[in-house]
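Beneath this line is the structure, given in structure tokens, with notes to follow.
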Amino acid sequence: MAAVFKLACLVLAFMVVAAPYAAEGTITCGAVTSKVAPCLGFLLGGPLAPGCCPGLKGLLSMASSTPDRQAACTCLKNAAKSMTKIEMANAAALPRRCGVNIPYKISPATDCTKVK
């Protein structure tokens, strides 16, 4: 229950932080969060949940334009910054584990303005 509450708070924080970015693309941080929510356990050091990779693949297909990819990148970057217990090695390995090619590293250090 605590994880669900944290995720709800995270979704709200993403929506507030990324509101300026949503105007440029059609993807929202709420959509990004809902797609990657099943991955939270893995990002915190647990096993890869069955819904994680389909969610990540769905996010990749939703982010079809440069502004959408930049907005998704910003949402993921802000998530990585805001959750101190995320294992960054797992975040970086997630695309490979799911067999998808994301054109940026999921990291607080990523410059999302350079994502094409």
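Readers should treat all values here as calculations from the given coordinates under stated rules, not as data from a laboratory. All values reported here derive from a predicted model rather than from experimental measurement. Using ideal geometry, Cβ is built from the backbone for each residue, glycine included, and neighbour counts are taken over all protein chains shown.
Before moving on, here are some points about what is shown:
- Separation of the Ser82 and Lys116 label points, Cα + 7 Å toward Cβ, nm: 3.1
- Contour minus Cα-Cα distance for Ala49 and Ser107 (0.36 nm per residue): 18.8 nm
- Sorting 81-94, 47-60 by their mean Cβ neighbour count within 10 Å, with the most densely packed peptide first, gives 47-60, 81-94.
- Its Cα gyration tensor gives the stretch 20-96 an equivalent ellipsoid, and the semi-axes of that ellipsoid, as √(5λ) in whole Å with the largest first, are 21, 14, 9.
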